[in-house]
1. If I filter the range 66-81 down to residues being part of a loop (DSSP other than H, G, I, E, B) and modelled with pLDDT of 95 or more, which single residue comes out as surrounded by the fewest Cβ atoms within 10 Å (Cβ to Cβ)?
2. Among I352, I374, which is under 30 Å from N316 (Cα atoms), in contact with a helix residue (DSSP H, G or I) (Cβ under 9 Å, 6 or more places away or on another chain) and buried (at least 24 other Cβ atoms within 10 Å of the Cβ)?
3. Considering only residues that are part of a helix (DSSP H, G or I) and within 12 Å of the ligand (Cβ to nearest atom), look in the range 297-320 and name the one that is surrounded by the fewest Cβ atoms within 10 Å (Cβ to Cβ).
4. Scanning the range 330-343 for residues that are surrounded by 15 or more Cβ atoms within 10 Å (Cβ to Cβ) and modelled with pLDDT under 90, which turns out farthest from the ligand (Cβ to nearest atom)?
5. Which of the residues spanning the range 267-296 are touching a residue at least 60 places away in the same chain (Cβ under 8 Å), part of a helix (DSSP H, G or I), more than 10 Å from the ligand (Cβ to nearest atom) and under 26 Å from M385 (Cβ atoms)?
6. Any idea which of N238, N218 is within 13 Å of the ligand (Cβ to nearest atom) and either more than 16 Å from M379 (Cβ to Cβ) or not hydrophobic (A, V, I, L, M, F, W, C) (or both)?
7. Taking interchain pairs and intrachain pairs at least six residues apart, which have beta carbon atoms under 6 angstrom, with the first residue in the range 225-240 and within 23 Å of E59 (Cα to Cα) and the second within 12 Å of the ligand (Cβ to nearest atom) and among the hydroxyl-bearing types (S, T, Y)?
Amino acid sequence: MDSKLTKKPSATLTINNKQLELPVYAGSVGPDVVDIRKLYSDGKVFTYDPGFTSTGSCESQITYIDGDEGVLLYRGYPIDQLAEHSTFLEVCYLLANGELPNPEELKRFVKDITYHTMLHAQFDRFFEGFRRDAHPMAIMVGTVGALSAFYHDSTDIDDPVQRTVASHRLIAKMPTIAARAFKYHAGQPFVSPRNELDYPSNFLRMCFAVPAEDYKVNPLLARALDVFMILHADHEQNASTSTVRLAGSSGANPFACIASGIACLWGPAHGGANEAALKMLEQIGAVDNIPDFIRRVKDPKSDVRLMGFGHRVYKNYDPRAKAMQKLCHQVLKEVGATDNPMLKVAVELEKIALNDEYFVSRKLYPNIDFYSGITLRAMGFPTSMFTVLFAVARTVGWIAQWTEMMEDSSQKIGRPRQVYTGAPKRDYLALDKR
Ligand code: ACO
């Protein structure tokens, strides 16, 4: 990747009676960055930024977020336009290659992905090792990591062609693995991919067909899943993507790197929030119980949070949440569940929170997870599959970011420093002297 940073007048830092000139760069849009790479060698200090709230870890040309304005762009294209007009595989091509494909390029890409949907026959044995009640995300972490055992020697990460093949394999095989995790959990036999179906229809069929009865794909639900995946495809340097980059920075196998991203995504502060948001709506149960719940959220002594609200970057309405809310209403109408009590609770909760001083002053708006759980439940997925679906969609973002890192000559192994506040050097005391 060629750097597109533009040099700006440098910044001066005065520290320990010394003046340091720090280069400043501008990207194409967004805030400038202060280059502190020489801070330790020239000034003998580190920066301290737990949670990386003010730290840029890389140059990237994939996704742009303006959290204050509620803007999300994939390669420059607004998320709402892509959700309205594009397909998930077209978005995969865009994220991976930088431009929208022409018809011929798209046809070839879809063929390449479709070609890789099957899993090695021996791969299925991995599932047998898990308890039937294993969480599907636990199965995902294990089995996607296991892909590295199948494609380790054949994946030369320094060869761009092999990197592309690894990307295609991941995008193609994730739905097959995710559907198997679901089937294993449900105690049903695995359903093989059918390559004449499009990507979301194939996934729905692998999840819901049974030997006794095939599954007739509802095109509206297939389109809803496609849009869900577009909305979740990438989100610049979030926790799981940074995990993938950090794992990849050591030169690790890409399949193992993606498994590390899945592990990070699982947590309730990240991808697990859609599961947590739905559980919260179920616990609240009825509109009448909302005031009491809000009281508990606002109580400084309680650690109850309004799940599906708030975001590290968005201090405005999450643009994905708007599209997700629209999708939610469409799906509930299609399956005849418009009087779903959880939807009623969600709509009322959102209304109250958007007008409540506590949430307004902290700029806490609904994020994508607030409505995604209700939508996926209406489509027939159990709660435990929500984060798995997120992982299937985010795989393209992870692998596009990993590839960009591999092509960036300025990247080094990721290795943050620390401020040590533990015991200074002391001598070992023999056991009988303690
Ligand atoms: N409900 C209630 N209060 C909240 C919430 C929430 N969901 N989120 C933040 N706050 C409050 C905090 O208590 C804090 O208040 P204080 O200043 O009085 O102490 C203030 O808002 C700032 O909160 P932080 O935790 O510092 O914000 P941060 O940027 O670190 O957290 C996060 C972002 C983790 C997403 C947080 O908003 C949260 O936990 N939300 C709920 C979980 C969730 O929906 N996660 C999904 C994120 S989107 C995604 O991964 C796809």
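The values are calculated or read from the model by the stated rules, or taken from the named source; none is laboratory data. Computed from a predicted model, the values in this text were never measured in an experiment. Positions of Cβ are backbone-derived with ideal geometry, glycine not excepted, and every protein chain shown enters the neighbour counts.
1. Start the filter on the range 66-81 by keeping residues that are part of a loop (DSSP other than H, G, I, E, B), which leaves 67-70, 75-76.
Next, from what is left, pick out any that are modelled with pLDDT of 95 or more: 75-76.
On the way: R75: 19, G76: 13.
Only one residue tops the list, namely G76.
2. On the way: I352 fails: buried (at least 24 other Cβ atoms within 10 Å of the Cβ).
Criteria check complete, one pass: I374.
3. Residues of the range 297-320 that are part of a helix (DSSP H, G or I), as a first pass: 297-298, 319-320.
Restricting the remaining residues to those that are within 12 Å of the ligand (Cβ to nearest atom) gives 297-298, 320.
Details: V297: 19, K298: 14, R320: 26.
Among those that are part of a helix (DSSP H, G or I) and within 12 Å of the ligand (Cβ to nearest atom), it is K298.
4. A337
5. Hits for the range 267-296 are E275, L278, K279, L281, E282, I284.
6. Values: N218 fails: within 13 Å of the ligand (Cβ to nearest atom).
After applying the criteria, what remains is N238.
7. none
Yes/no matrix, rows are residues, columns are (1) at pLDDT 90 or above; (2) in a helix (DSSP H, G or I):
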{"position": "G145", "(1), (2)": "yes, yes"}
{"position": "D158", "(1), (2)": "yes, no"}
{"position": "S167", "(1), (2)": "yes, yes"}
{"position": "I171", "(1), (2)": "yes, yes"}
{"position": "A179", "(1), (2)": "yes, yes"}
{"position": "F182", "(1), (2)": "yes, yes"}
{"position": "H185", "(1), (2)": "no, yes"}
{"position": "F190", "(1), (2)": "yes, no"}
{"position": "L197", "(1), (2)": "yes, no"}
